[in-house]
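**Q** Here it is, the structure in full.
The values are calculated or read from the model by the stated rules, or taken from the named source; none is laboratory data. None of these values were measured; they are calculated from a predicted model. Virtual Cβ from ideal backbone geometry, glycine too; neighbours counted across all protein chains shown.
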Amino acid sequence: MALAVKLEVFEGPLDLLLHLIDKNKIDIYDIPIVEITEQYMEYIRQLETQDMNIMSEFLLMAATLLDIKCKMLLPQELNEDGEAEDPREELVQKLLEYKMYKYMSFELKDRELDASKNYYKEPTIPKEVAAYQPPIDYDELFADVNLNRLHEIFRATLKRQEDKIDPIRSQFGRIEKDEINVDEKMVFIQDYIRSHKKFSFRKLLEKSHNKMEIVITFLTILEMMKMGQITIEQDNLFDDIIITSKEVVE
């Protein structure tokens, strides 16, 4: 009959090491690395799992223990201060941190269990009582308020309003959209040309009310000149431009 061996389940290699240290009542600051390594390797031999991630963690710690064991057999190395370095120091630090987090998890678990035992009674206060608000005593409320105090409150309020103003954006102007119908403006210009035959470009621009109308007028004149519907004359530089309809020329 085969002997059944029951293995304890540990959350990881550090958990196993802490168990071995507690089981053997060992000082965590002076771990007998040879003894602990042998017990750790014995557990690894009995461990049966198909999860390679779990096995790799335990095997990595086994390699670390063997590395520490080898370093302890060699002459001790000295640090910059001339003191001997303990190969177990890093492992001890990790064990202490893990032990602290483990005990903290136990404490949180106990608090969770204690909290689950608490029950609270739903409020049964009448609506009239819950909605009651004590009357305001204005004499008490304004007991320390005088003209100087009111002036300070007023200035503080103005100061908060001024602080909200962006000194850069507050200087920006307002961009307004020019409401203009381009097609209607072009028809107006064409009718103006047919009715006046020959006229000053300046007179035509005087019919515009904003920059957008001036731009449309200028583009319309250029387009009509390109299509051969009008001719443009200017005797001297900066003189007024004279526009003539081709109907008159012909």
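Conditions tested, residue by residue: (1) in the same structural domain as Thr37 (by TED's automatic domain parsing); (2) surrounded by 13 or more Cβ atoms within 10 Å (Cβ to Cβ); (3) under 19 Å from Ile28 (Cα atoms).
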position	(1), (2), (3)
Met61	yes, yes, yes
Leu91	yes, yes, yes
Leu95	yes, yes, yes
Tyr98	yes, yes, yes
Tyr101	yes, no, yes
Ser105	yes, no, no
Leu108	yes, no, no
Tyr120	no, no, no
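**Q** While we're looking at this one, here's another question. Looking only at the stretch 110-124, decide whether some residue is among the hydrophobic types (A, V, I, L, M, F, W, C) and within 37 Å of the chain's Cα centre (by Cα).
**A** yes
**Q** Right, next: So Lys25 clears everything in (1) free of Cβ contacts under 8 Å to residues at least 24 places away in the same chain; (2) under 21 Å from Met100 (Cβ atoms); (3) surrounded by 13 or more Cβ atoms within 10 Å (Cβ to Cβ); (4) of a type outside the set (A, V, I, L, M, F, W, C) except one condition, right? Which one?
**A** That leaves (3) as the condition not met.
**Q** Looking at the stretch 107-149 only, could you name the residues that are assigned to a helix (DSSP H, G or I) and at pLDDT below 80?
**A** Tyr138, Asp139, Glu140, Leu141, Leu147, Asn148, Arg149
**Q** Moving to a separate point now. For the stretch 134-141, check the following and say yes or no: at least one residue is surrounded by 10 or more Cβ atoms within 10 Å (Cβ to Cβ) and not assigned by TED's automatic domain parsing to the domain that holds Ile28.
**A** No - not one qualifying residue is present in the stretch 134-141.
**Q** Continuing with this model, one more query. If you go through the stretch 207-233, how many residues are charged (D, E, K, R) and closer than 13 Å to Phe188 by Cβ?
**A** So the answer is 2.
**Q** Return the total of residues in the stretch 200-214 being surrounded by 15 or more Cβ atoms within 10 Å (Cβ to Cβ) and either part of a helix (DSSP H, G or I) or modelled with pLDDT of 80 or more (or both).
**A** Total meeting the criteria: 4.
**Q** Check Lys177 against each of (1) exposed (fewer than 10 other Cβ atoms within 10 Å of the Cβ); (2) modelled with pLDDT of 80 or more and name the one condition it does not meet.
**A** (2)
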